[in-house]
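Trainee: The structure under discussion is supplied below as structure tokens; questions concerning it will follow.
Every read-out reported here was derived from the displayed coordinates using simple, explicitly stated rules and does not represent laboratory data. All values derive from a computational prediction rather than experimental measurement. All Cβ positions, even for glycine, are placed from backbone atoms using ideal geometry, and neighbour counts span all protein chains on display.
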Amino acid sequence: MNVAATRSRSIHRAYLAAGLAATALYFALPWDSFAQTLVYDAIGASAAAVSILGSRIHRPSLRLPWYLFGAGLLAFSVGDVFFNLYSFVWHRDPPVPSIADVFYLAGYPLLTAGLCLLVRRLRSEERRRGRFDAAMLIAAFALCQWIFLMQDRLHSGSLGERVVALSYPAMDVILLAALVFFALTPTSRTVAYRYLAVSIVFLLVADEVYGLSPARYAHTTWLDSFWLLSYVCWGVAALHPSMRELSEPARAHAPRVSTLRLAMLAVALTTAPAVLLIQSATGASVDAVPIAVGAGLLGGLVLLRLTSIIHALEELRGTERLARAEAETAQRLLAEQNERLREADRLKDEFVALISHDLRTPLTSITGYVELALEDDLTDDVRGFLQVVARNADRLLALVNDLLFVARLQAGEMSLEPADVDLAGVVRDGVNAMEPRAAAKGITLTCVLDAVPSVHADRNRMLQVVDNLVSNALKFTPEGGAVHVSLRQHDDCVRLEVTDSGIGIAPNDQRRLFQRFFRAENAVERQVPGTGLGLYISRVIAEAHDGSVSVRSELGRGSTFRLELPMARAAVAA
Ligand code: ADP
């Protein structure tokens with residue numbers, strides 16, 4: 001934050017301190033002295049000046065209201081100067097109406113116009129709500145003004161005196177109305193608004209007290225502090241950075257029945273009875289007609305306000321109902337779509353199973369007849385051709401078997417034939433079968449098998465897992481590498497590990513290795529043949545035996561696949 005910004009943020013504090021000090025000085029000076037009037041006029045004029053200054057510093061999107069406030073406060077201040085001229089220059093009390101009254105009364109419409117411009121910036125729904133609330137409060141306040149202040153003045157004094165006497169309370173009513181508009185909108189949370197509100201309240205209180213007996217306040221009294229503080233607070237509001245927000249259309253609030261709103265309704269409803277009570281308690285004659293009219297008006301307004309609240313709530317409920325219906329429709333569509341996807345998946349599995357099954361029969365027959373043919377006396381060429389056919393037919397058969405197995409798994413049809421199995425025997429068979437392949441690639445295939453307790457498992461499935469792991473190790477290890485197979489007991493488990501010095505697997509790929517059809521990037525790049533089903537099948541078989549398969553691998557250095565199976569219960573007990 002730069003220095004200028006910081007300074008513009010704290011300037012309102014400096015003005016508040018100076019304003020309070022000047023107010024204290026006013027009362028410290030000899031009362032009714034010329035110096036005192038100078039301080040008074042200076043405070044008024046400064047409020048007018050900072051109103052304009054504030055809008056230049058903070059640059060709100062709408063500056064006109066602050067210029068109008070400046071003009072209004074200046075009019076008050078000029079009124080003060082004239083008021084004092086009567087005492088110190090013309091040495092007489094001001095007449096009614098005086099030139100000071102003209103300026104004072106010109107100030108109110110300017111301030112009100114400024115507030116109205118700010119109110120116009122509110123969203124239309126905020127304005128609609130505010131209108132009812134303001135109307136209620138105006139009606140209540142106007143009833144009190146009429147009964148206690150204005151009514152008596154209507155019949156006493158000259159026309160000019162009567163106009164002036166009626167104008168002040170009327171202006172106060174209008175000023176209060178604009179304030180109430182704001183009080184019920186989110187803007188009211190800004191600091192600038194609060195200073196503005198305090199300022200207007202000071203002004204209203206001073207005006208009301210003054211209005212009760214104007215003659216008593218022609219000279220310095222403590223009541224002056226209210227007008228002075230009103231000036232100071234208005235100036236602080238204009239200098240506070242949040243004054244900018246008063247010009248911004250605030251986010252609309254959902255209608256709610258806040259305590260403030262309820263309090264307003266209560267005030268509106270109790271004003272007429274309260275006025276009646278005050279009149280009867282003070283022994284004044286009861287003004288039945290204005291009170292009845294006021295009570296009727298207030299009752300009507302409260303009714304309108306309640307109706308609008310109910311309407312707004314109903315609208316809200318309607319919107320909510322609509323949103324809920326839309327959400328339910330979306331949920332139903334999603335469920336239907338899921339069902340369709342599941343059905344498509346099932347059909348696909350069925351199709352794969354069907355095709356695999358139909359392929360297996362002729363493939364088995366091909367491998368059988370090729371084996372038979374190889375037993376005959378053949379030329380070397382023909383034998384070589386037939387061996388290629390046999391190898392490829394075997395690979396095809398293995399692939400078809402894997403596909404069929406997975407299709408059965410998907411359909412929840414894996415059948416196990418468990419028995420107590422000596423895993424060391426199974427691993428030895430698996431490794432022996434792989435030896436020709438290792439030799440063909442020049443890979444050193446070693447094997448250390450401890451005498452481990454038996455496991456309760458399906459022997460063929462175990463052979464399938466060992467086959468997968470060892471054939472993968474050979475497949476992904478370059479020529480001249482090494483593959484080591486070990487079998488050990490570890491706690492209550494039997495642990496088989498197949499370690500190779502092959503291409504390894506990247507950490508990102510390791511996470512997805514045991515998913516259906518997944519192949520690591522380096523396997524695809526090197527065009528190593530495969531389907532991505534072997535490890536998935538191994539995991540499902542291991543889990544069906546309450547065991548697990550896992551991998552540790554380093555790219556370019558090799559991998560270790562580990563199968564862990566729980567020992568058979570009898571073996572654990574022994
Ligand atoms: P396939 O071997 O048919 O591709 P698998 O399911 O057996 O399918 O293996 C999935 C993938 O895991 C392989 O494609 C390969 O990327 C990776 N992988 C498996 N074993 C090894 C290994 N020993 N070394 C490096 N990568 C391996």
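Trainee: Just name one of ALA281, ALA165, ALA177: the one whose Cα is farthest towards the positive end of the charge dipole of the stretch 3-286 (beta-carbon charges, Lys/Arg +1, Asp/Glu -1).
Mentor: ALA177
Trainee: Can you give the three extents of the C-alpha atoms in the stretch 440-515 along their principal axes, from longest to shortest, in whole Å?
Mentor: For the stretch 440-515, the Cα extents along the three principal axes come out at 35, 29, 24 Å.
Trainee: Let me ask you something else. Only counting other Cβ atoms within 10 Å, I'd like SER553, SER33 sorted with the fewest neighbours first.
Mentor: Least to most surrounded, the residues fall as SER33, SER553.
Trainee: Taking the Cβ of SER365 as the centre, find all other residues whose Cβ is under 14 Å away and add up their charges (Lys, Arg: +1; Asp, Glu: -1).
Mentor: Values: positive: ARG360; negative: ASP358, GLU371, ASP394.
For residues surrounding SER365, the net value is -2.
Trainee: Further question: If you line up the long axis of helix 159-183 against the longest principal axis of the chain, both from Cα atoms, how many degrees apart are they, to the nearest 10?
Mentor: Around 10 degrees separate the two axes.
Trainee: Show me, for the stretch 48-55, the HN-Hα J-couplings you get by feeding each phi into the Karplus relation (A = 6.51, B = -1.76, C = 1.60, θ = phi - 60°), rounded to Hz, glycine and proline as x.
Mentor: Computed from phi, the couplings for the stretch 48-55 are 4, 5, 6, 4, 6, 4, x, 5 Hz.
Trainee: Mind checking the angle between helix 64-88 and the chain's longest principal axis? C-alpha axes, 0 to 90 degrees, to the nearest 10.
Mentor: Helix 64-88 sits at roughly 30 degrees to that axis.
Trainee: Another question, then. If you take every DSSP beta bridge fully contained in the chain, what fraction is antiparallel? Give it as a percent rounded to 5.
Mentor: DSSP beta bridges in the chain are roughly 80 percent antiparallel.
Trainee: Give me the one-decimal nm value for the distance between modelled label points at LEU64 and ALA35, 7 Å along each residue's Cα-to-Cβ direction.
Mentor: Here the answer is 4.5 nm between the modelled labels.
Trainee: Let me ask you something else. Can you tally the net charge around ARG321? Count Lys and Arg as +1, Asp and Glu as -1, for every other residue whose Cβ sits under 14 Å from the Cβ of ARG321.
Mentor: Spelling it out: positives minus negatives among the neighbours equals -3.
Trainee: Considering only ALA24, GLY70, VAL81, whose Cα is most displaced toward the positive end of the charge dipole of the stretch 3-286, charges sitting on Cβ of Lys, Arg (+1) and Asp, Glu (-1)?
Mentor: Towards the positive end, the residue furthest out is GLY70.
Trainee: On alpha-carbon atoms, Rg over Rh for the stretch 26-177 using Kirkwood Rh?
Mentor: Answer for the stretch 26-177: 1.03.
Trainee: Is the chain best put as rounded, prolate or oblate by its Cα gyration tensor, with a ≥ b ≥ c the root eigenvalues, rounded for a/c under 1.5, and otherwise prolate when a/b is larger than b/c, oblate when not?
Mentor: Judged from the Cα gyration tensor, the chain comes out prolate (a/c at least 1.5, a/b above b/c).
Trainee: Grab the Cα-Cα distance for ASN432 and ALA170, subtract it from 0.36 nm times how many residues apart they are, and report the gain in nm with one decimal.
Mentor: 83.4 nm
Trainee: Using alpha carbons only, how many degrees (0 to 90, rounded to 10) separate the axis of helix 259-282 from the longest principal axis of the chain?
Mentor: Tilt relative to the chain: about 20 degrees.
Trainee: With +1 on each Lys and Arg Cβ and -1 on each Asp and Glu Cβ, how big is the dipole of the chain about its Cα centre, in debye rounded to the nearest 20?
Mentor: About 2520 debye.
Trainee: For a Förster distance of 25 Å, can you work out the FRET efficiency between the beta-carbons of HIS490 and GLU554, rounded to the nearest 0.05?
Mentor: 0.65
Trainee: Ok, one more. When a/c is below 1.5 the answer is rounded, else prolate if a/b is larger than b/c, else oblate, so apply that to the stretch 368-491 with a ≥ b ≥ c taken from the square roots of the Cα gyration tensor eigenvalues. Spell out each step's value before the answer.
Mentor: Numbers: a/c = 2.08, a/b = 1.34, b/c = 1.55.
Oblate.
Trainee: Now a separate question. Can you put TRP66, TRP227, TRP31 in order of Cβ neighbours within 10 angstrom, beginning with the fewest?
Mentor: Ascending Cβ contact count within 10 Å gives the list TRP31, TRP227, TRP66.
Trainee: While we're here: Let me have the 222 nm mean residue ellipticity of the chain computed from DSSP H runs of 4+ only, each contributing -39500 (n - 2.57), with the sum over all residues rounded to the nearest 500.
Mentor: -23500 deg cm²/dmol
Trainee: If you don't mind, there's one more thing I want to ask. Any chance you could check the Cα centroid distance between the stretch 285-347 and the stretch 70-117 for me, in angstrom?
Mentor: Using only Cα atoms, the two centres lie 50 Å from each other.
Trainee: Based on Cβ point charges of +1 for Lys and Arg and -1 for Asp and Glu, what charge dipole magnitude is obtained for the stretch 282-361 about its Cα centre, in debye rounded to the nearest 20?
Mentor: In debye, rounded to 20, the stretch 282-361 gives about 100.
Trainee: Additional query: Between the stretch 365-399 and the stretch 473-499, what's the alpha-carbon centroid distance in Å?
Mentor: Here the answer is 31 Å between Cα centres.
Trainee: By count of other Cβ within 10 Å, fewest leading, how are ILE503, ILE310, ILE541 ordered?
Mentor: If I rank by nearby Cβ atoms, fewest first, I get ILE310, ILE503, ILE541.
Trainee: Name the shape class, rounded, prolate or oblate, that the alpha-carbon gyration tensor gives for the stretch 3-286, where a ≥ b ≥ c are the square roots of its eigenvalues, rounded holds for a/c under 1.5, and otherwise prolate holds if a/b is larger than b/c and oblate otherwise.
Mentor: Because a/c hits 1.5 or more and a/b fails to exceed b/c, the stretch 3-286 counts as oblate.
Trainee: Same structure again: Where does the charge balance sit around GLN515 when Lys and Arg score +1, Asp and Glu -1, over other residues with C-beta under 12 Å from its C-beta? Intermediate values should be presented prior to the final figure.
Mentor: On the way: positive: ARG511, ARG512, ARG516, ARG519, ARG539; negative: ASP509.
For residues surrounding GLN515, the net value is +4.
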